[in-house]
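First the structure, in the form of structure tokens, and then the observations on it.
The values are calculated or read from the model by the stated rules, or taken from the named source; none is laboratory data. All figures in this text were calculated on a predicted structure; none of them were measured in a lab. Glycine also receives a Cβ, built like all others from the backbone with ideal geometry; neighbour counts cover every protein chain displayed. Ligands, DNA and RNA are stripped out before the accessible areas are found, and what is left, the full protein with its side chains, is counted by its heavy atoms. Shrake-Rupley method; radii C 1.70, N 1.55, O 1.52, S 1.80 Å.
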Amino acid sequence: MSKTHAAYAPSSDASRRILDEIEEQFRLTKEDLTRITAQFLEDFSLGLREYNHPMAMIPTFVTGVPNGSETGTFLALDLGGTNLRVCEVELLGNHEFVLRQQKYKVSDALKTGEATALFDYLADSVDAFLTEYASAVPSSPSSERGNPFASPSLSEEPAVPLGLTFSFPVEQTALNEGKILTWTKGFAAKNAIGNDVVKLLQDAFDRKHLHVKCVALVNDTVGALLSRAYTGGSCILGSIFGTGTNGAYVERVENIKKLGNSPARQKGGYMVVNTEWGAFNNTRTVLPTTPYDNKLDRQSINPRLQAFEKFISGMYLGEILRNILLSLIDAAPKPLLFNGRSSGPLNTHYGLDTAVMSEVEDAWETGRVSSVPVAAVDSAKSKANGVAATESQPSSVPDWQSTHFTDVDSLSPDDKARLARIQGILVQRLALDPADVSLRDAAIVRWAASLVAHRAAQLSSCAVAAVLVQTERAKLGGGFATDEEKICVGVDGSLIQHYPNFNARLRDSLRELVGEEVEAKVEIGLAKDGSGVGAALCALQATKQGH
Ligand code: BGC
């Protein structure tokens, strides 16, 4: 990151110092990133050796990845992203699938109330979905009276198999069994921690007399890995950069030392491990914590937990930006933003959505003439079943800093037009008085947004690099060439899909960490509908095993 030259306001050294200091706090050098990645690797091996570490390295009991020939129709229930989703997934066996889904809102009251109420709501949603939408789920009898699976007279029929994607840390003990370790992402339902999540759900189905059996439990990262392998033929890492962040990768069973002499370990081979990297470095010895991060953490529902996730994910980036903007509004001796005036959304905890940051950066990138615009994950290919799969292409990140320091009046009409668009977004989304939002304010907000997002993408690359090194596909510092033609990584989540330049920024620092040769082989592809398809694939594996 280059140092800034022209003063924000020529007369004010104090103003310039404040902005310079913020930029400095968000700067991450190659050495910083290397140190963070090295710590990642240490935490990986600790988590593989022993239970009860924040980087939980959870064995998933998924011992193979699909090849795309799998068939069957399954129900999937997905909790842990922005919405609750119920899907019916038909695996067609030719790398393709058909998915029908319905989204349901989960209120804050449900997220933080009694667990039974939350799981009853999940069961109700499945019931509603089956009544209204499901068609081809196996053994689905026709019925004219609503949900056929609710009928006690059908109890002789085999129950409808359902895969649960539960995107929270769960210590799994089998494909269909696992205790909730902790909540994340704003969930805090009571009397759930320590309980078997499959049982909590099954009990709710049974309370409602639903003829549905939860046969498999899967994390969304595992879902991303499996679905990417299903559609793309191979995949070594499934990762989520969305509301939360996490990754699951394929590990040699012999390396999962904490499995001891269990049958799973004796069997050898490979197993998917859910790293739970959102909890990396909760002690914050290597994470570059700023006062803006500290404020976010202290005011969060889970202080001192999910440290890495709080630097990276969609739930938090807007809040970090809000903290920066408030500090500039309150700056002394004179305000540096919005004439020192705030607004309702800016004064509200989580009042600045990461989507607004994304809009601001998008407005800046759109119409940029000086460099190549980059989509987060690009070149969408439509599949016959209507599901879009995407591939990434390496690209360089356009120059993104320093405009806030230049004299806005001397900018080109093009640049001024882009700032004017940002001005409009700020007035609209943050309910600011237009008279309080100058073009310079727009430039400062964009600059602050890109500081936060750039750091998030750089840190994300550390997690990906750590997996490449852990699986012996790369060496930290580069200089290693795997003979694999490509290294497939499946991703999902709003940041990687929609945040301008997130993917390109991630790749740029991945290149620094593992070298150009390895980075060029990494194919980052969207694991679209990973949660649904992954759960279906796990349900298939479970039914084959007789669950
Ligand atoms: C959870 C993970 C999940 C990730 C992405 C994190 O908060 O702990 O289990 O995979 O979010 O959804």
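Observations, loosely collected:
- Only a single criterion out of (1) in contact with a Pro (Cβ under 7 Å, 6 or more places away or on another chain); (2) within 13 Å of the ligand (Cβ to nearest atom) is not satisfied by L226, namely (2).
- Qualifying position, being open to solvent by 10 Å² or more (accessible area, probe 1.4 Å) and either in contact with a strand residue (DSSP E or B) (Cβ under 6 Å, 6 or more places away or on another chain) or not in a strand (DSSP E or B) (or both), among V518, V489, V469, V452: V469
- Of all residues in the range 239-267, those being open to solvent by less than 30 Å² (accessible area, probe 1.4 Å), within 16 Å of the ligand (Cβ to nearest atom) and either polar (S, T, N, Q) or assigned to a strand (DSSP E or B) (or both) number 8.
- Which listed residue is among the acidic types (D, E), modelled with pLDDT under 70, over 24 Å from F26 (Cβ atoms) and assigned to a loop (DSSP other than H, G, I, E, B), from D399, D378: D378
- When the strands (runs of 3 or more DSSP E) confined to the range 149-238 are screened for residues that are within 19 Å of the chain's Cα centre (by Cα) and closer than 14 Å to F119 by Cα, those reaching at least 3 such residues are found at 160-166.
- Matching entry among G81, G47, G68, G64 (being within 22 Å of the chain's Cα centre (by Cα) and farther than 27 Å from E132 by Cα): G47
- Whichever residue in the range 120-175 is acidic (D, E) and either within 16 Å of the ligand (Cβ to nearest atom) or at pLDDT 90 or above (or both) and, among such residues, is farthest from G194 (Cα to Cα): D127
- P59 being touching a residue at least 12 places away in the same chain (Cβ under 8 Å) and within 16 Å of the ligand (Cβ to nearest atom): yes
- Selected residue [open to solvent by less than 10 Å² (accessible area, probe 1.4 Å), away from the ligand (no atom under 16 Å from the Cβ) and part of a loop (DSSP other than H, G, I, E, B)] from L336, L346: L336
- Total residues in the range 96-111 satisfying the condition of being outside any loop (DSSP other than H, G, I, E, B) and open to solvent by 70 Å² or more (accessible area, probe 1.4 Å): the figure is 4.
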